[in-house]
Amino acid sequence: MKARQNMDDPKKHTEDDETLRRRLKESQHVKASPDFEARLQRRLNEARKVSSLQALLEKLGMQPRFPAYGYSIVTVLLVSVVSYYVFFRSGIAPRQESPLPVVAEKSVPSAKAPENVEELDRLQVKKESDASNALNGKAKRAEEPVGRFRDKEEQARAQPEDRQAPSSIAAPSQPMQNVAPAMQGQLESKDENQPTVRLNAVGVAEHDTAANMRPLESATVPGQASQQEQLMQKQVITSQKAVGPHAVHQDRKTGVTLRRSPAFTRGLRAGTADSLRTDSLRTISRTADSLARVKRHADSLLRLTDSLKSIRSKKED
Amino acid sequence: MQETRAGVRTETDEELIARFQNGQEAAFNLLVGRYKDQLINFVYRYLGDYDEADDVVQETFVRLFRHKSSYKPVAKFSTWLYTIASNLAKTQLRRRKRWATFSLSKRRAEQDDADREIPDATYAADAGADSALKQEIIQKALDSISPKYREVVILSDIQELAYEEICKVTGLNIGTVKSRLNRARAKLRGLLKQLKE
């Protein structure tokens, strides 16, 4: 109550204020210690040392915020050094394209198709038979019922003849299946270039019915098969060269002929291109084999019907 | 230059700081001598701890030494110095609240307060004890009010700064200063009533 009265009364209010102010003013003032200035000087000397460093940084054009930038720069440098030693020096380098396949050929093959057609046919037959026997072992066994119908002597005799008779070669009109388009075109072009040979080969196959009934046989030596495959690969390469111009150049240092891989394998690694070539060769041989088998079956059926007719006619007579 | 009653010309604060800005460290020492006691008293009343007040005032002068070029003769030198001291005292108070610690030296400081304060010879011996008690009561009353009221009342009633200077030091407008002053005085009046009785 008394406090409210004091507050309401402005005179009393000011009197109280004056009293308070006087009391506060008269209160004893606290003073600094005697060694205040000495301690201050020591503190200033320490500050001078720090400020000289800042002045130096300012002279160099760096702002006082150098420590923050410095830490980030150091961190970046550290990370780059560590990553360099971890990724590049340890041998983990990015994959490089495979070098050009070196084909050690002493003589540059002719641009045209090989003139020795018979040799070509022989090689092709070899290739087809070898590929079919080496890769399709099961398929060959499946064909045995056909082979059982003939004598073993005829089998032994017919071996060299089989090789000569390219019955497995497909007719020109029949398209090759599962063959890479480039290779197909090359083979077809070969066929087109040598139509007479193909016809001859077919004619021989027709006549030699007995031979056609025999299953395809070839040298079953695996080493020979691989050598023949290599020969076929070389031939494919030459045929590819025959079709279109591919970069062929000789290495100046070694004198070895370097051939650029075909267009459809360019950009692929060497292993992939080789596997593609091998696969395509296999496919060709399989297709050829199957077609030959079909033809043989057809021929054998025709012969059977002929023989039956002759027998019937004889009986009637 | 100021003229004292004895006719001795003394340099003003602005002249001293100008000399110090030109590189004369003697002017700085003179400024330290002039303002150290005032600042110690102000900061001590604000914080309530002598060691902290000593540290704050030391830091104030160090900053004056480092950033002497930042003073422009637009405002009074005392205003600029009080502003630095006030800001550092507020920082110290915030730090104290954040890191609540028990100061071993505080007890000793409270006991030795009488030694640090140079006793006034005009006081009688028996009045000395009474004076110390009154000081303690006043300080406790100041500690019990809010820091924003405490600052204003100390600057006005203890340091005897003008309203304009208080506005510049605190960064408040004159109306706010007066209202805070009234509130602070009202609170102190109630607390100090027992002293009167």
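The values are calculated or read from the model by the stated rules, or taken from the named source; none is laboratory data. Since we're looking at a predicted model, the values are computed, not measured. Here the Cβ positions follow ideal geometry from the backbone for every residue, glycine too, while neighbour counts run over all protein chains shown. The accessibility values were calculated without ligands, DNA or RNA, using every heavy atom of the protein model including side chains. Shrake-Rupley method; radii C 1.70, N 1.55, O 1.52, S 1.80 Å.
General observations
- Candidates B:ARG180, B:ARG185: the one that is more than 9 Å from chain A (Cβ to nearest Cβ), basic (Lys, Arg) and either closer than 18 Å to B:LEU81 by Cβ or in contact with a helix residue (DSSP H, G or I) (Cβ under 8 Å, 6 or more places away or on another chain) (or both) is B:ARG180.
- Residue in segment B:123-130 that is modelled with pLDDT of 65 or more and either in contact with a helix residue (DSSP H, G or I) (Cβ under 9 Å, 6 or more places away or on another chain) or away from chain A (no Cβ under 14 Å) (or both) present: no
- Restricting segment B:142-161 to residues that are within 14 Å of chain A (Cβ to nearest Cβ) and part of a loop (DSSP other than H, G, I, E, B), the residue that is most open to solvent (accessible area, probe 1.4 Å): B:GLU160
- Among the residues of segment B:24-40, those identified as free of Cβ contacts under 8 Å to residues at least 24 places away in the same chain and farther than 21 Å from A:GLN28 by Cα are B:GLN24, B:GLU25, B:ALA26, B:ALA27, B:ASN29, B:LEU30.
- Here A:ASN45 meets each of (1) open to solvent by less than 80 Å² (accessible area, probe 1.4 Å); (2) at pLDDT below 65 with one exception, condition (2).
- The set of residues in segment A:85-102 that are at pLDDT 75 or above and open to solvent by 100 Å² or more (accessible area, probe 1.4 Å) comprises A:TYR85, A:PHE87, A:PHE88, A:ARG89.
- Of note, A:LYS12 does not satisfy the criterion of being away from chain B (no Cβ under 12 Å), over 60 Å from the mean Cα position of the chain (by Cα), modelled with pLDDT under 80 and open to solvent by 70 Å² or more (accessible area, probe 1.4 Å).
- Qualifying residue in segment B:41-64 (condition: open to solvent by 60 Å² or more (accessible area, probe 1.4 Å), touching a residue at least 40 places away in the same chain (Cβ under 8 Å) and under 27 Å from A:VAL30 (Cα atoms)): no
- Taken over segment B:72-83, residues that are under 16 Å from B:ARG19 (Cα atoms) and open to solvent by less than 10 Å² (accessible area, probe 1.4 Å) amount to 1.
- Test result for B:GLY33, surrounded by fewer than 21 Cβ atoms within 10 Å (Cβ to Cβ), of a type in the set (Gly, Ala, Ser) and at the interface with another protein chain (Cβ under 10 Å from one of its Cβ atoms): yes
- Any chance B:ILE166 is modelled with pLDDT under 90 and either outside any helix (DSSP H, G or I) or in contact with a Leu (Cβ under 9 Å, 6 or more places away or on another chain) (or both): no
- Filtered residues of segment B:38-50 (kept if within 10 Å of another protein chain (Cβ to nearest Cβ) and more than 8 Å from the chain's Cα centre (by Cα)): B:TYR50
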